[in-house]
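Below you'll find the structure, written out as structure tokens, and then a few comments.
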Amino acid sequence: MSKETSYDIKDIRLAEAGRKRIEWAEREMPVLRLIREKFNSEKPLLNTKIVACAHVTSETANLVRALQSGGAETVLIASNPLSTQDDVAAALVKEWGVSVYAIKGESTETYNRHVRNALNFAPQIIIDDGSDVVATLIKERRDLIPAIIGSTEETTTGIVRLHSMERAGVLTFPSIAVNDAQTKHFFDNRYGTGQSTLDGIIRATNILLAGRTVVVLGYGWCGKGVAMRARGMGANIVVTEVNPIKAVEAVMDGFRVLPIAAASSLGDIFITVTGNRHVIDEQHFELMKDGAIVCNSGHFDLELNLDALRQMSAPPVNLRPFVEEYTLNERKNRVIVLGEGRLINLAAAEGHPASVMDMSFANQALSVEYLINMKGTLAPGVHTLPQEVDTEIASLKLRSFGMDIDVLTAEQTEYLSSWEMGT
Ligand SMILES: NC(=O)c1ccc[n+]([C@@H]2O[C@H](COP(=O)([O-])OP(=O)(O)OC[C@H]3O[C@@H](n4cnc5c(N)ncnc54)[C@H](O)[C@@H]3O)[C@@H](O)[C@H]2O)c1
């Protein structure tokens, strides 16, 4: 840690534990490690000022190490008040000299103050997760926009917001939609969220999933993963959707599909992964069984209307870490909310396993390099990384598994590019 490293973290004495966990995660991140080594010798990010807003986890720490090896100066802030691993934050400050502003359990005010502090650093590149930094930049700090080379966005919700900024004509720099890379959402959203969401629920409650009815709200990439994994543990799955195509997919995947109004009285556990607002609302809480468990794994906590729940119940009672029980005023039924409605996989567990974040963060690191290489040539708006980059990340991942696949023969390549050959 240099004298100038500024930070706002829980406790610098946690650094040793954090370093060990960062190094443990690194073992499962071979693709990012290769990128870090390449960055170290080529220094493609030299003197670039980056603000990274991400879940402050051991995997994110390895992304920051890669950026640092490339020559960038990075400030790291949390992308969610409950997702920070305080020991990782301490290790990044102490062992790697990174300025970190993130404390697990920070208030919304502190979270917003950290976003503003980070912008004071006058970044050239923003790595965002949920688009709070870019939105604050546009709303409050337009003076900083001329220096911005571009931004990258990690998650589905952030990309929805970026498209909305694009339509409103306020996104005046290029932004790379990292989530849209296949090596991101096929794996991170599906297998990462699928496993880690159940991990969060189980760590918080120690509940048995076998035989329970689990209602999965939203059958997108995350919802598919959650439903698949919960079924694997013996739960009966009910899916709710608003998109008929996704609903048909859920039906053909073998799940029961119902409107939330009908599912409300059936579920033992409810998991929201829609990226949408108030998908569980007052009238749904009212119908739930006594002791129903409700949690969210979508980006923002507003998927659950917790304000309504607070108004219709006695003050919540904390039963265990991340477990709060609300008793409804009228029916006296109890509704149990996990992790304050924040992403349950990060609030009560450790987020996605490093092996999937390896590909997500390979995409992030290569997106930053791409923005620098393409500086001044990309139009303002939302972009995806070139397909070759996606394919290369998958090839490196396969190689790290020690697996080979076939390559097209010349005859097959010719066949696939020709319309003339039929039967
Ligand atoms: N927990 C994590 O670590 C993690 C990881 C990746 C993404 N996310 C977040 O999870 C959310 C979902 O991401 P995704 O990639 O699956 O998105 P997606 O767009 O693939 O899927 C969302 C699905 O929700 C459905 N939906 C929208 N409103 C609904 C409603 N009222 N009722 C039922 N279904 C509804 C949509 O039709 C869509 O099929 C986003 O907020 C994303 O940012 C969280």
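Derivation of every value follows stated rules applied to the coordinates shown; laboratory data play no part. Everything quoted here is computed from the prediction, not taken from an experiment. In this analysis, Cβ positions are derived from the backbone assuming ideal geometry, glycine residues included, and neighbour counts consider all displayed protein chains.
When both bridge partners sit in the chain, DSSP labels roughly 15% of those beta bridges antiparallel. Among the listed pairs K20/K224; K43/K94; K20/K104; K38/K104; K224/K375, a Cα-Cα separation exceeding 25 Å is found for K20/K224; K38/K104; K224/K375. For K397, the aspartates and glutamates whose Cα comes closer than 13 Å to its Cα, not counting residues fewer than 8 places off in the same chain, are E28, D358.
As a proxy for reagent exposure, ranking T5, T152, T377 by other Cβ atoms within 10 Å from fewest up yields T377, T5, T152. DSSP beta bridges fully contained in segment 274-423 are about 65 percent antiparallel.
Full extension of the chain segment joining K375 with K43 gains 117.9 nm, where the gain is 0.36 nm per residue of separation less the Cα-Cα distance. What's log10 of I(q)/I(0) for segment 319-423 at q = 0.10, 0.15, 0.22 Å⁻¹, Debye sum over Cα points only, no solvent? Values returned for q = 0.10, 0.15, 0.22 Å⁻¹ are -0.64, -0.91, -1.14. Placing a pseudo-label 7 Å from each Cα along the Cα-to-Cβ vector at F121 and S164 gives an inter-label distance of 2.6 nm. For K43, K289, the sequence from fewest to most other C-beta atoms within 10 Å is K43, K289. Taking all Cα pairs closer than 8 Å and separated by 6 or more residues, the relative contact order of segment 1-97 comes to 45 percent.
Once the gyration tensor of the Cα atoms in segment 1-72 is diagonalised, the equivalent ellipsoid follows with semi-axes of 21, 17, 10 Å, ordered largest first. By the count of other C-beta atoms within 10 Å, a proxy for reagent exposure, W419, W24, W96, W221 are ordered fewest to most as W419, W24, W96, W221.
When the helices of the chain are scored as -39500 (n - 2.57) per DSSP H run of n ≥ 4 and the total is divided over every residue, the value at 222 nm lands at -12500 deg cm²/dmol.
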